[in-house]
Amino acid sequence: MRQHLVLVVDDEKDIRDVITVYLNNENIRTIEAADGIEALEVMSREMVDLVILDVMMPRLDGIMTCRKIREQSEVQVLMLSAKQEDIDKINGLTMGADDYLGKPFNPLELVARVKAQLRRSQRITPQQDEHYIQIGSLIIDFRRHLVSIGEKKVQLTPLEFGILELLGRHRGQVFSANHIYEAVWKERAMNSENNVMAHIRNLREKIETNPREPRFIKTVWGVGYKIDA
């Protein structure tokens, strides 16, 4: 079984060192970054399972880094901050963080939260065991939430990736807009057709050479959408 890899992002090396020691003692691998820009560079080349992200950092702070991570990945994010005000917690979670821990923190509590988040991320269906699929020049890497067309990486939002993942894992099956909405948004579908249609349109703009004549995401008129088997 592959060891989990946690990205530790903090401009204070002493804090990175403490976190690394405690996680390594739990057989969790770590990789470090000193700021948000370094963190994004690491994520472009490494299969990271969770990000521990400090809020106050030079060059690119944790809030903006979390926002950029969420534009391309649904990896678990645990934010750290010396600021204890509720508004900071709300801002962090609004940007897409999964958990929040104030500084100074108990390393044992941090480890417990990391392990809880890693367990949560493993609760996937058997159909999600494939690491990636290739459909012509389109490659979908499910673990890293990366998509590429040939050698070109494509930046998708979490919802766009969710739609592509649903259709890609069930090639040949037609999904109605309501079915897509409930599967990806995790909410009951009510007048969701236009919302799904807008995301399909944006997705086609990013992955299709000619969005008016799509090669990948096909429309089955009056029924829904599919990717051919």
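Taken together, the values in this text are just the output of simple stated rules run on the coordinates, not laboratory data. Every value quoted in this text rests on a predicted model; they were computed, and no experiment measured them. Cβ placement follows ideal geometry from the backbone for every residue including glycine, while neighbour counts extend to all protein chains displayed.
Calculate the dipole size of the chain relative to its Cα centre from +1 charges on Lys and Arg beta carbons and -1 charges on Asp and Glu beta carbons; express the result in debye to the nearest 20. The dipole of the chain has a size of about 860 debye. Under 5 Å from the amide H of ILE135 lie the amide H atoms of ILE140, each residue being 5 or more positions distant or on a separate chain, with H modelled from the backbone and absent for Pro and chain starts. By the rule of a C-alpha distance below 19 Å, with chain neighbours fewer than 8 residues away ignored, the lysines paired with LYS152 are LYS68, LYS206. Model label sites at MET64 and VAL21, defined 7 Å from Cα along the beta-carbon direction, differ in position by 3.3 nm. Among beta bridges from DSSP that stay inside the chain, the antiparallel ones total about 45%. When the chain is described by a simple charge dipole with +1 on each Lys and Arg Cβ and -1 on each Asp and Glu Cβ, the residue from GLY62, ALA112, SER192 located farthest towards its positive end is SER192.
How large is the translational diffusion coefficient of the chain in µm² per second when you combine the Kirkwood radius over alpha carbon pairs with Stokes-Einstein at 37 °C and 0.692 mPa s? For these conditions, the coefficient is 173 µm²/s. In the chain the longest region clear of trypsin sites (Lys or Arg not before Pro) that are loop-assigned by DSSP and have at most 10 other C-beta atoms within 10 Å covers 46-122. The separation of the stretch 8-25 from the stretch 153-229, counted between C-alpha centres, amounts to 40 Å.
Between 0 and 90 degrees, the angle of helix 107-121 with respect to the longest Cα principal axis of the chain falls at about 10 degrees.
Averaging the sequence gap over all C-alpha pairs within less than 8 Å and six or more residues apart, then dividing by the number of residues, gives the chain a relative contact order of 13 percent.
At an R0 of 45 angstrom, the distance between the Cβ atoms of ASN194 and HIS131 translates into a FRET efficiency of 0.85. Taking each DSSP H run with n ≥ 4 as -39500 (n - 2.57) and averaging over every residue of the chain yields -12000 deg cm²/dmol at 222 nm. Provide the FRET efficiency to the nearest 0.05 for the LEU108-GLU12 pair, computing r from the beta carbons and using R0 = 22 Å. Approximately 0.70, to the nearest 0.05. Which aspartates and glutamates have a Cα less than 13 Å from the Cα of LYS13, not counting those fewer than 8 places away in the same chain? Excluding near neighbours in sequence, the set is GLU32, ASP35, ASP54. Across the alpha-carbon set of the stretch 127-227, the Rg to Rh ratio works out to 0.93, Rh being the Kirkwood radius.
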